[in-house]
Amino acid sequence: MKLLAVSDLHVAYEENRTITDGLRPESADDWLIVAGDVGETASDIEWALGLLRERFAKVIWVPGNHELWTPKDDPVQLRGVERYEYLVEMCRRLDVVTPEDDYPIWPGEGGPAVIAPLFLLYDYTFRPEGTSNKEEALAKAHAAGVVCTDEYFLHPDPYPSREAWCEARVELTEKRLSALPPELPTVLINHWPMVREPTRVMYYPEFAQWCGTVLTADWHLRFRSACSVYGHLHIPRTTHYDDVRFEEVSVGYPREWKKWGRTDGWLRQILPVKP
């Protein structure tokens, strides 16, 4: 029995759809974490999560920014919180665990551990050097020609801004995590990295402002994280901060994984820890 993870499947790309179609457990008892950015349209998201749920004993999903977009070609034109809630209900029909459900307890080797899917967004606090507020950070990004598509397709309705939505999600999630049994470790799952450090290697540092919030910088310690699972950066790797393991588990765009020569190993083992 293994806890496996993947993110950033981006199934709108035919090559990535083929990769997704090829994902299979090693045993009938394996669980799968899907850490966001499955796709942009409701139909693509439902196809991928439904397929994976048929194969894995349990599937745990958190939204990425792409799921929260409202593309013009998607028949589901819901925005912001309404779109997120629509996706949560879709997952419940598919029997996929979401951040709105009870956190499951991992019963296999390396457990018991609380598997905590989180939805936290970002608040423009991962700012590029030389900037001190959101306005300066955005201006620097525009000047560099590095602007996240979220600015056009990820709507925060009914919140006045994406950072206000992020603040509300952080407050809600912090209360839930604080109420967990103190003797149990956690596996924290969020699409965006929960510490700033992984963004330091990005080719375009201006993009970091769309990658997380400083409000979660110590959560891996406060909430006894055995592992923090994330995606979004399209830089798959294992790192350690404060002796806590962080796993970036993205597939990424075809132009990226082809450049790196990746052809397999799409699923990362989270538990039990490999020797």
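Any read-out appearing in this document is the output of simple, stated calculations on the displayed coordinates, not a laboratory observation. Source: prediction; values computed, not measured. Reconstructed Cβ throughout: ideal geometry from the backbone, glycine too, with neighbour counts over all protein chains shown.
Shape call for the range 71-166 from the C-alpha gyration tensor, a ≥ b ≥ c root eigenvalues: rounded (a/c under 1.5), prolate (a/b greater than b/c) or oblate?
Here the range 71-166 falls in the oblate category.
Once you place label points 7 Å from the Cα toward the Cβ at D218 and D157, how far apart are they in nm?
Taking the two extended label points, one gets 3.9 nm.
Counting only other residues whose beta carbon sits under 12 Å from that of H142, what net charge do I get with K and R as +1, D and E as -1?
On the way: positive: K140; negative: E135, E136, E151, E206.
Charge balance near H142 sits at -3.
What's the exposure ranking of L52, L138, going from fewest to most Cβ atoms within 10 Å?
Working: L52 23, L138 18.
Ordered by Cβ neighbours within 10 Å, fewest first: L138, L52.
Quickly estimate the mean residue ellipticity at 222 nm for the chain, helices only: each DSSP H run with n ≥ 4 gives -39500 (n - 2.57), and the total goes over all residues, rounded to 500.
On the way: 9 runs with 83 residues, N = 275.
That comes out to -8500 deg cm²/dmol.
Taking neighbour counts of Cβ atoms within 10 Å as a proxy for exposure, in what order, fewest first, do D74, D21, D102 appear? If you can, show how the numbers build up before the last one.
Details: D74 18, D21 13, D102 8.
With the sparsest Cβ surroundings first, the list reads D102, D21, D74.
What shape does the range 1-73 have by the C-alpha gyration tensor, where a ≥ b ≥ c are the square roots of the eigenvalues, rounded means a/c under 1.5, and otherwise prolate means a/b greater than b/c and oblate the rest?
Prolate.
Under the rule a/c < 1.5 gives rounded, and otherwise a/b versus b/c splits prolate from oblate, where does the range 3-271 land using the Cα gyration tensor? Before the final figure, lay out the partial values.
Numbers: a/c = 1.33, a/b = 1.16, b/c = 1.14.
Rounded, since a/c falls under 1.5.
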